[in-house]
Structure formats: C-alpha cells, structure tokens
Amino acid sequence: MKRIITKTRIFTGAILLSTTVTSAQETPSKMSNYLEVSYGPQTTFNFQALTNTNSDQDQFEFNQFNSLGTFGLRYDHLLNPGFSLGIDFYFLQRKSSGTMTEFNTGIQSGAEYIINRFKTQIRLAYHFPISNPNLDVYLGGGVGINNQTRKLLINGEATARDEYPSNLNIPVSLRTYAGLRYSFANHFGANAELGIGGPLLTIGFHYRF
C-alpha cells in the first residue's frame, strides 16, 4: 500500500512539473499586453512655412526649420488573437526661424516660432494570423484629439498671442497605420510602424506581458 501511495505521489508530481514547464513554454504566445516607446524622425515638410501673416498683417519669412522628431508612448491589449484595442500618445516640437517685417514701419526683426503638438488617440488593429508567436504584423487605425501650444520670439523676447502667425489647428486627429513587432526575448522586442496622420515612420522597443 505504501509503495502504491509513493508511486502515486511521484506520478502526480511528474504531471504537475510537466504542466508547469509546458505553461512556461506557452507563455510568450499568450501574452496579450504591449507597452511601447517609439521615435519618429523629423519630416522635411513644415506647416510653419505655409503661415506668413498675423492679425496685424505683419509678414513672416521662415527659412530655417528644425524638429527633434516625434516621441511616442503606446499601450495595446489583445482582445483576442485577431484584434487589439489601445491608446497612443505623441509629442512633436517644430521650430521655425526667420524674420518678421512690421506692416506699418517695414522694420525687420529676428523671429523664432515654436509649436508643440500633443496627440492622444484610441487605436484598433487587426493582427494577421502568424504561426511564429514572437512576430506580430498588424493593420489598423486611430482617432483622438490634437492639442498644441505655441510661442513666438521676436529678437529673443516672447510676444503676446495676437502677434503669432495665423494658424489653423484641427482638434481631431486621425491615423491609419501598418506595423510589426518582433520579440527577441519573452518580454522584450522591437517594433516599427508606417502611418498616415502623425509620424510617417516610428521605430522603438516594446515590453509585453
């Protein structure tokens, strides 16, 4: 009887150990949350170049443009193997430098125009069925809000808002995108995304859990 009990315990322990090992091996394919940081290189197109007057009819001529690019933070949750719901945060700063010519006097002054853009979007994506649990290829879209802050410096001094160049800010932001993720470890990997409406290309790293 003791031998039977002992063998039963050994057999049960072996089953539990096997189940634990199998679960550990399957963990990567069952992870359903992605937390990502990304960066999008600056684009050559600058909206500031299209804005050349203010409410006082002063003329702006911007000929130098600078941007650090777009910085992003993203969270995605797989609702099922085929679809995910997530949220995106983007920050972009653009600087334009040139001159401002006063309408009444014709006096020219150095001008620097700075726009900070903040975008928050809810995103929904379709994930293609791929047998490799470490590779994720997806296609989707997002909708959200588009906020911005502006600053105009004339000869290095901040000015009142009525001196700012005329500006059109659409408060709603839309985006379509296609991307991929590859996890080179159980929890860590790299990601890349192409999109329209926001940064054209973003690259970064993710943590999945």
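Laid out as a table, the results:
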quantity	calculated
³J(HN,Hα), Karplus 6.51/-1.76/1.60, whole Hz, each residue of the stretch 193-201, x for Gly, Pro	8, 9, x, 10, x, x, x, 5, 9
Inter-site label distance for residue 73 and residue 155 at 7 Å from Cα along Cβ, in nm	4.0 nm
Amide H within-cut-off set for residue 54, under 5 Å, with H built and near neighbours excluded	166
Calculated FRET value between residue 178 and residue 116, using beta carbons and R₀ = 35 Å, to 0.05	0.80
In Hz, Karplus ³J(HN,Hα) per residue of the stretch 169-179 (6.51, -1.76, 1.60; θ = phi - 60°; x = Gly, Pro)	10, 8, x, 9, 10, 10, 8, 10, 7, 9, x
Length released on extending from residue 126 to residue 55, taking residue separation times 0.36 nm less the Cα-Cα span	21.0 nm
For the stretch 63-112 versus the stretch 153-191, the gap between their alpha-carbon centres in whole angstrom	4 Å
Where labels lie 7 Å past Cα in the beta-carbon direction, separation of residue 42 and residue 203 in nm	1.8 nm
Dipole-positive endmost among 103, 148, 180 within the stretch 31-208 (Cβ charges, Cα centre)	180
Whole-Hz ³J(HN,Hα) from phi, Karplus 6.51 cos²θ - 1.76 cosθ + 1.60, for the stretch 132-147, glycine and proline x	6, x, 8, 10, 10, 10, 9, 9, x, x, x, 9, x, 10, 10, 10
Length-normalised contact order of the stretch 31-208 in % [C-alpha pairs under 8 Å, at least 6 apart]	22 percent
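Read-outs throughout are calculated quantities, based only on the coordinates presented, and are distinct from any laboratory measurement. None of the values given here were measured: they were computed from a predicted structure. Heads up, the Cβs are rebuilt from the backbone with ideal geometry, glycines too, and the neighbour counts pull from every protein chain shown.
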